[in-house]
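Read the structure below first, then the notes.
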Amino acid sequence: MILDKKIIVVLPAFNAEKTILKVLNEIPNDIVDDVILVDDNSTDDTILIAKEYGLQNIIKHEKNLGYGANQKSCYDKALELKADIIIMLHPDYQYTPKLIHSMSYLIANDLYDVVLGSRILGKGALKGGMPLYKYISNRILTFVQNILINQKLSEYHSGYRAYSSKVLKRINYEENSNDFVFDNQVISQIFMAGFEIAEITCPTKYFPEASSINFKRSLKYGFGCLITSGEYLFHKIGLIKSSIYKENE
């Protein structure tokens, strides 16, 4: 805990047997109260390795539901366990768990309700091996999205996030896609609800074992992000009403 706030790390996993142990070993147990792993019907030994490590909170989807659906299960369980701060960390070791302290303190001290680990602040993305086409796509998408949403994030596409529980209780994340655009929809919901987002520089690693979507799915994701930002703008000015922006009571 930090300042009596319960901290839970959630790991949305799919075929992460080669990296999950590295991630678990670097999660700072001095402040993290619990770790939840949701396995989206992996075909490898992700769950076996997590159990051998001693992880208690493991959820297995009986069929592959998608990245967004995996996170929904993660957050549902974290809220059920009364988390005050929820850290979403990919178990593919692309992001370092060593930033959990810094991200948690920003929320625990009531400075921000959401913190993103940004690969774009500084020069860490390309140094870490991000493919050039992904870097360029990230910069273009972020530029357009900042205009549509009227914000100034360095990127909208990080998979390393910390949330105050009140954010996840308020936004209607269950209405979001079960696919990769889920992350982008969550950011738009957060801004629509009036919360502020902090960013912290995050070194990143790209290597064969790190998960990645192919070019075709990247294109689908990119269009989904633009559609999400467009819907945000149209909802904001009253031209349409999107169900994802209906907040929980």
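For Lys169, are the conditions met, namely being surrounded by fewer than 20 Cβ atoms within 10 Å (Cβ to Cβ), outside any loop (DSSP other than H, G, I, E, B) and over 15 Å from the mean Cα position of the chain (by Cα)? Taking the combined requirement at face value, the residue satisfies it. Picking from residues in segment 97-130 that are modelled with pLDDT under 95 and of a type outside the set (Gly, Ala, Ser), the one that is surrounded by the fewest Cβ atoms within 10 Å (Cβ to Cβ) is Lys123.
The condition of being touching a Pro at 6+ places or on another chain (Cβ under 7 Å) and at pLDDT 95 or above holds for only one of Ile31, Ile27, Ile49, Ile2, that being Ile27.
Name every residue in segment 172-209 that is within 19 Å of Ala83 (Cβ to Cβ) and part of a loop (DSSP other than H, G, I, E, B), in order of residue number. Once the filter is applied, which keeps residues that are within 19 Å of Ala83 (Cβ to Cβ) and part of a loop (DSSP other than H, G, I, E, B), segment 172-209 yields Asn172, Ala193, Phe195. Across segment 149-163, the qualifying residues are those that are out of contact with any Phe, Trp or Tyr (no Cβ under 6 Å at 6 or more places or on another chain) and among the hydroxyl-bearing types (Ser, Thr, Tyr), and the one among them that is surrounded by the most Cβ atoms within 10 Å (Cβ to Cβ) is Tyr163. With respect to (1) in contact with an Asp or Glu (Cβ under 6 Å, 6 or more places away or on another chain); (2) surrounded by fewer than 23 Cβ atoms within 10 Å (Cβ to Cβ), the lone exception for Asp34 is condition (1).
Remark: pairs (first residue in segment 1-19, touching a residue at least 24 places away in the same chain (Cβ under 8 Å); second residue aromatic (Phe, Trp, Tyr) and buried (at least 21 other Cβ atoms within 10 Å of the Cβ); Cβ separation under 6 Å; 6+ apart in sequence or on different chains) = Thr19/Tyr93.
Here is a list: Phe195, Phe223, Phe191, Phe207. Which entry is more than 18 Å from Lys72 (Cβ to Cβ), hydrophobic (A, V, I, L, M, F, W, C), in contact (Cβ under 8 Å) with a residue 40 or more places away in the chain and exposed (fewer than 14 other Cβ atoms within 10 Å of the Cβ)? Spell out the reasoning first.
Working: Phe195 fails: exposed (fewer than 14 other Cβ atoms within 10 Å of the Cβ); Phe223 fails: in contact (Cβ under 8 Å) with a residue 40 or more places away in the chain; Phe191 fails: exposed (fewer than 14 other Cβ atoms within 10 Å of the Cβ).
Only one candidate passes the filter, namely Phe207.
Listed by position, the helices (runs of 4 or more DSSP H) inside segment 47-158 whose residues that are without any contact (Cβ under 8 Å) to a residue 12 or more places away in the chain number at least 3 are 132-149.
Scanning segment 45-63 for residues that are closer than 28 Å to Ser177 by Cβ and loosely packed, with under 15 Cβ neighbours inside 10 Å yields Lys60, Glu62, Lys63.
Does Asp110 count as touching a helix residue (DSSP H, G or I) at 6+ places or on another chain (Cβ under 6 Å) and more than 30 Å from Asp45 (Cα to Cα)? Talk me through it step by step, then tell me what you get.
Values: touching a helix residue (DSSP H, G or I) at 6+ places or on another chain (Cβ under 6 Å): no; more than 30 Å from Asp45 (Cα to Cα): yes.
In short, no.
Being among the polar types (S, T, N, Q) and in a helix (DSSP H, G or I), is that true of even one residue in segment 239-247? Within segment 239-247 (the criterion being among the polar types (S, T, N, Q) and in a helix (DSSP H, G or I)), the answer is yes, since at least one residue qualifies.
Listed conditions (1) within 29 Å of Asn15 (Cβ to Cβ); (2) crowded, with 18+ Cβ neighbours inside 10 Å are all met by Ile213, apart from (2).
The values are calculated or read from the model by the stated rules, or taken from the named source; none is laboratory data. Small disclaimer: the values here were computed from a predicted structure and weren't measured. A quick note on method: Cβ atoms are made from the backbone with ideal geometry, for glycine too, and the neighbour counts reach across all protein chains shown.
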